[in-house]
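Below: the structure, in C-alpha cells.
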Amino acid sequence: MTSRSLWAAPVAVAFLLAACQSVHTQTSSTPTPAPLDQPVSMTLGAPVAGENADSPAIAPKPPATPVPRLTYNSVPNVGRTIAMTFDDGPSPKLTPQLLDMLKARGIRATFFVVGQNAAEYPDILRRAAVEGHEIASHTWSHPQLTRLSAAAFAAQIDKTNAAIKAAIGHNPAVMRPPYGATNANLDRRLNREWGLKVILWDVDPLDWKYRNAARVQRTILEQVKPGSIVLSHDIHASTVAAMPGTLDALIARGYKFATVSELIAMEGSSAAAPAEAPTPAAPGPEKPASTEVTVPAVETPAAPPFTIERYAPGEPASEGSAPR
Ligand code: NI
C-alpha cells in the first residue's frame, strides 16, 4: 500500500463516524441542519477528519473514538436495559411512595428534580441518592430555557446545582430541559460550563395530560424498547399508581434498569446485558392480584442506530403547569 492509502482509509472511516454522530445530534435537538460544507466535527468539538492528513508519513492512527454525545433520547447497544426517569419533584407525598416501589424491586431510577422543590425537600433527595438513584437537574423553576437571557439561564442551572449539592454532596451529571425545549447552542453551553449532558426521552406516556394509571402503563409498555429513556412525573398520583404494574410488566419482559448516567456509561459496552429472551419476573411484594398487562410479551425489535427526537422545536410548551 502507498502511504496515502495507509491513512486515507482510516480517515474515511473517521469521517463516516463523525457524519453519523452529526446526524444523531441534529435529529435530537438541532432545529436546522448545519450547512453541508461545514466540517461536521466542528459542531461537536471533535477532531476534524482531515487532521489525520497532517502526518501521512507515519503509521496511520486508528479512527478516533466516538465523539462524546451531549444529548440523548435513548441509548443504543445496552442490551435490554432502560432508564426510568421522573420529573418535576420531589413531591413530599408521592416521591417517597415511588421510592418504596423502586426499592421493593431493586430498581434504580433517575429523578430530574426542580431546584426549588429540591431545596424544600432535601431529605427526599438524600434518601433517593442513598438508595442508588440518580439526582438530576430539571432547572430551578421549570422555565422554557430557550426563552431566557444568558444570565437567567445560568441562574436556573447554578441554583439547582447548589440545591442538589447541598442535599446529596455533589452536582448532577445530567439535566433535562423543561418541555424538552433546547437547542444545540444550549446543549453545548450546558456541557462546556457545567459538564452536563442533556437528557430527553423516547417513551412519553403523556402522564401530565392523561391522569389515568392504566393508560400510563399501557403507553409505556407500547413504546418501550431496549435502551429507552422513559419520561414520567412523580408529582402525579396516577403516575405513581401506574408504577407497580408497569415495573412488574417490564421485569416480566426481561428489562433491566439503570440510572441515566449508568445507561450512558454502558453505551456500546460489551458488558451490556445481551438482548435475549425475557427472564422470569422477580416476585414483587406489591404485585397486584390481577395483572393489568394486556400487551403481549413479544420480543421488541433491536434499537435503531439512533433515534429521532419526538419533541418538535417550535411546538408550544405543553408539558403542563409548573409544579407549583
Ligand atoms: Ni418538567
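Readers should treat all values here as calculations from the given coordinates under stated rules, not as data from a laboratory. Just so you know, these numbers come straight off a predicted model, no measurement behind them. Reconstructed Cβ throughout: ideal geometry from the backbone, glycine too, with neighbour counts over all protein chains shown.
Before moving on, here are some points about what is shown:
- In terms of other Cβ atoms within 10 Å, Arg126, Arg189 run from fewest to most in the order Arg126, Arg189.
- Footprinting exposure proxy for His236, His138 (fewest neighbouring C-beta atoms within 10 Å first): His236, His138
- One decimal place: the segment Lys103-Ala162 gains 18.6 nm when fully extended, by the rule 0.36 nm per residue minus the C-alpha distance.
- Remark: the range 86-98, residue by residue, has Karplus-estimated 3J(HN,Hα) of 10, 10, 6, x, x, 9, x, 9, 7, 4, x, 4, 5 Hz, where x stands for each Gly or Pro and the curve is 6.51 cos²θ - 1.76 cosθ + 1.60 at θ = phi - 60°.
- Residue exposure sequence - Asp234, Asp187, Asp123 - by fewest surrounding Cβ within 10 Å: Asp123, Asp187, Asp234
- Sequence-separation-based contact order of the range 207-275, relative, with Cα cut under 8 Å and 6+ spacing, percent: 35 percent
- Cα-based shape type of the range 177-256, given that a ≥ b ≥ c are square roots of the gyration tensor eigenvalues and the cut on a/c is 1.5: prolate
- Charge tally in the Cβ shell below 9 Å around His138, where Lys, Arg are +1 and Asp, Glu are -1, His138 excluded: -1
- The relative contact order of the range 97-224 comes to 21 percent, based on Cα pairs under 8 Å that sit 6 or more residues apart.
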